[in-house]
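Taking it in order: structure first as structure tokens, then the write-up.
The values are calculated or read from the model by the stated rules, or taken from the named source; none is laboratory data. The model shown is predicted, which means the values in this text are computed figures rather than measured ones. So basically every Cβ, Gly included, is an ideal-geometry build from the backbone, and we count neighbours across all protein chains shown.
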Amino acid sequence: MTPKQTRFVQEYLIDLNATQAAIRAGYSAKNADVDGPRLLGNAGVKAAIETAQAAYAKNVGITVEYVLGRLKVESERMDDGASHSARVSALAHLGKHLGMFVDRVEQRTLIYDVSSEPLTDEEWEAQGKT
């Protein structure tokens, strides 16, 4: 990795914002919105970020088991400090981790056949396009 890429990794770990990390690392602010994501796709940069994040997690004792355990505890809390929204949020995070909820994007494409005659008002209404 280049020194600039190393600096990008250090800056990215601060706030996980690739664009701002690129700017702080010395890349052009004009192109940072392209350079930041591009750097995240670089194999060396990606490996350095993953290594650093694993080291941070180990240093503070954060493991998958710890996080899941704390989420489970929060999802079951019923004492005075507990809230319904906290329980629902904890359950949602647990469900996402387990792959129970998948975000889907629906895309619809309207295709016009310009080779045929335009529809009359009656034909248009008959197709339910009013």
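A compact table of results
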{"quantity": "Of all residues making up the range 40-57, the number that are over 17 Å from Thr2 (Cβ atoms) and of a type in the set (D, E, K, R)", "calculated": "1"}
{"quantity": "Filtered residue count, the range 60-92, keeping only those that are modelled with pLDDT of 90 or more and in a loop (DSSP other than H, G, I, E, B)", "calculated": "3"}
{"quantity": "Breaking point among (1) within 18 Å of the chain's Cα centre (by Cα); (2) loosely packed, with under 13 Cβ neighbours inside 10 Å, for Glu65", "calculated": "(1)"}
{"quantity": "Where Pro37 falls short, out of the listed (1) farther than 30 Å from Met1 by Cα; (2) not in a loop (DSSP other than H, G, I, E, B)", "calculated": "(1)"}
{"quantity": "Test: residue in the range 23-33 that is under 19 Å from the mean Cα position of the chain (by Cα), exposed (fewer than 13 other Cβ atoms within 10 Å of the Cβ) and not in a helix (DSSP H, G or I)", "calculated": "no"}
